Amino acid sequence: MTEVVDTSTVLQVSDLSITFASKRGRVSALEGIDLDVQAGEFITIAGPSGCGKSTLLKAVAGLTAPSGGSVHLRGDPVTGPRQDIGFVFQRAALLEWRNVRGNILLQAEMRGMNMRKAQERTDELIEMTGLSGFERALPHELSGGMQQRVSLCRALLHEPRVLLMDEPFGALDALTRERMNVEFNRIWSQTGTSVLLVTHSVAEAVYLASRVVVMSPRPGRIIEEHVVDLPARRDYAETLESSEFHRVSSRVRELLGSPSDAD
Ligand SMILES: Nc1ncnc2c1ncn2[C@@H]1O[C@H](COP(=O)(O)OP(=O)(O)OP(=O)(O)O)[C@@H](O)[C@H]1O
Ligand SMILES: [Mg+2]
């Protein structure tokens with residue numbers, strides 16, 4: 001039988017469950033997760049602390065093995081770390097002794113990319129993220145937001161099909177975070193990368209997403225998904241005032257039991 005592969009589906013998570021065994025017994029972190037991600041989709045994942053959001057991203061990245069179910073990336077089962085995935089962590093995780101360019105190019109060195117191409121792409125990304133003029137600056141000479149932009153450039157350098165982001169803006173102050181949201185919305189709309197982003201901020205989840213996924217407390221399951229019916233490129237103030245933004249964010253808040261954006 002010939003299987004028809006839908007090329008627009010980049011990521012397929014099917015009936016994924018993950019159980020951890022520890023000295024205190026077994027912890028069921030994820031149960032029955034089904035999630036299909038299309039090319040260019042921006043999925044945000046919201047859910048209470050400990051519900052398995054980071055575990056889900058790690059399973060997609062091939063860093064944590066499923067206990068049941070499967071993860072497929074462009075039709076291939078994910079069995080270990082992959083070339084076509086980028087990962088951005090909560091903290092920028094930059095090498096203190098390397099300047100901005102050196103930190104971004106680390107990705108190329110680790111993956112054995114063509115260095116000339118990587119240099120060109122680095123220049124484009126530095127320009128795109130507004131880091132021009134800081135190419136030779138060391139991490140301690142940068143603000144938190146700038147460090148996070150370097151980390152974003154590094155994750156985008158090899159042009160991953162899927163970008164995984166685990167609370168990437170969580171350590172930033174509210175204003176910088178808003179600016180990063182706006183910048184990242186622009187960057188995403190220019191790259192066509194599919195994104196899975198975990199956040200505790202409902203506003204961030206709804207502003208950035210083409211689809212918001214809400215998870216239950218442990219064991220994490222997907223309880224609801226909401227498509228955000230707004231254009232890909234979004235003005236911040238306009239979006240936050242829109243009825244669509246209000247519709248989705250009030251439902252997400254209701255599901256999470258949060259009266260306001262706690263972050
Ligand atoms: N390597 C591990 N070994 C044992 N238990 C683990 C491991 N990683 C995660 N867990 C457990 O799995 C559950 C889910 O953890 P996870 O880090 O995915 O939650 P989370 O939703 O990302 O939480 P937070 O919002 O606080 O970051 C937790 O109960 C955690 O203790
Ligand atoms: Mg986490």
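At a glance:
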| quantity | calculated |
| --- | --- |
| Residue in segment 161-175 that is of a type in the set (Val, Ile, Thr) and buried (at least 19 other Cβ atoms within 10 Å of the Cβ) present | yes |
| Close pairs from segment 160-185: first within 17 Å of His200 (Cα to Cα) and modelled with pLDDT under 90, partner open to solvent by 60 Å² or more (accessible area, probe 1.4 Å) and assigned to a helix (DSSP H, G or I), Cβ under 6 Å, at least 6 apart | none |
| Long-range neighbours under 8 Å by Cβ, at least six apart or interchain, first residue in a loop (DSSP other than H, G, I, E, B) within segment 112-129, second open to solvent by 30 Å² or more (accessible area, probe 1.4 Å) and of a type outside the set (A, V, I, L, M, F, W, C) | Thr129/Arg149; Thr129/Glu183 |
| Subset of segment 19-39 [touching a Ser or Thr at 6+ places or on another chain (Cβ under 9 Å) and open to solvent by 20 Å² or more (accessible area, probe 1.4 Å)] | Thr19, Phe20, Arg26, Val27, Ser28, Glu31, Gly32, Asp34, Asp36, Gln38, Ala39 |
| Set Glu204, Glu224: member being acidic (Asp, Glu) and buried (at least 18 other Cβ atoms within 10 Å of the Cβ) | Glu204 |
| Strands (runs of 3 or more DSSP E) fully within segment 1-107 counting 1 or more residues that are acidic (Asp, Glu), over 29 Å from Val150 (Cα atoms) and within 16 Å of ligand 1 (Cβ to nearest atom) | 25-38 |
| Qualifying position, being open to solvent by less than 10 Å² (accessible area, probe 1.4 Å) and within 22 Å of Asp123 (Cβ to Cβ), among Ser151, Ser143 | Ser151 |
| Odd one out for Gln12, checked against (1) at pLDDT below 90; (2) within 22 Å of Leu197 (Cβ to Cβ) | (1) |
| Single residue of segment 45-91 satisfying the filter (of a type in the set (Val, Ile, Thr) and more than 17 Å from the chain's Cα centre (by Cα)) that is most open to solvent (accessible area, probe 1.4 Å) | Thr79 |
| Counted residues, segment 48-107 - those being touching a strand residue (DSSP E or B) at 6+ places or on another chain (Cβ under 8 Å), at pLDDT below 95 and among the charged types (D, E, K, R) | 3 |
| Single unsatisfied condition, Gln190 versus (1) crowded, with 18+ Cβ neighbours inside 10 Å; (2) in contact (Cβ under 8 Å) with a residue 24 or more places away in the chain; (3) in a helix (DSSP H, G or I) | (1) |
| Residue under evaluation Leu138, criteria (1) open to solvent by less than 30 Å² (accessible area, probe 1.4 Å); (2) modelled with pLDDT of 90 or more; (3) under 15 Å from Ala92 (Cβ atoms); (4) of a type in the set (A, V, I, L, M), criterion not met | (1) |
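The values are calculated or read from the model by the stated rules, or taken from the named source; none is laboratory data. Just so we're clear, the structure is a prediction, and the values are computed from it rather than from any experiment. Quick reminder, even Gly has a Cβ in these numbers, built from the backbone with ideal geometry, and neighbours come from all protein chains shown. Accessible surface areas use protein heavy atoms only, side chains included; no ligands, DNA or RNA. Shrake-Rupley method; radii C 1.70, N 1.55, O 1.52, S 1.80 Å.
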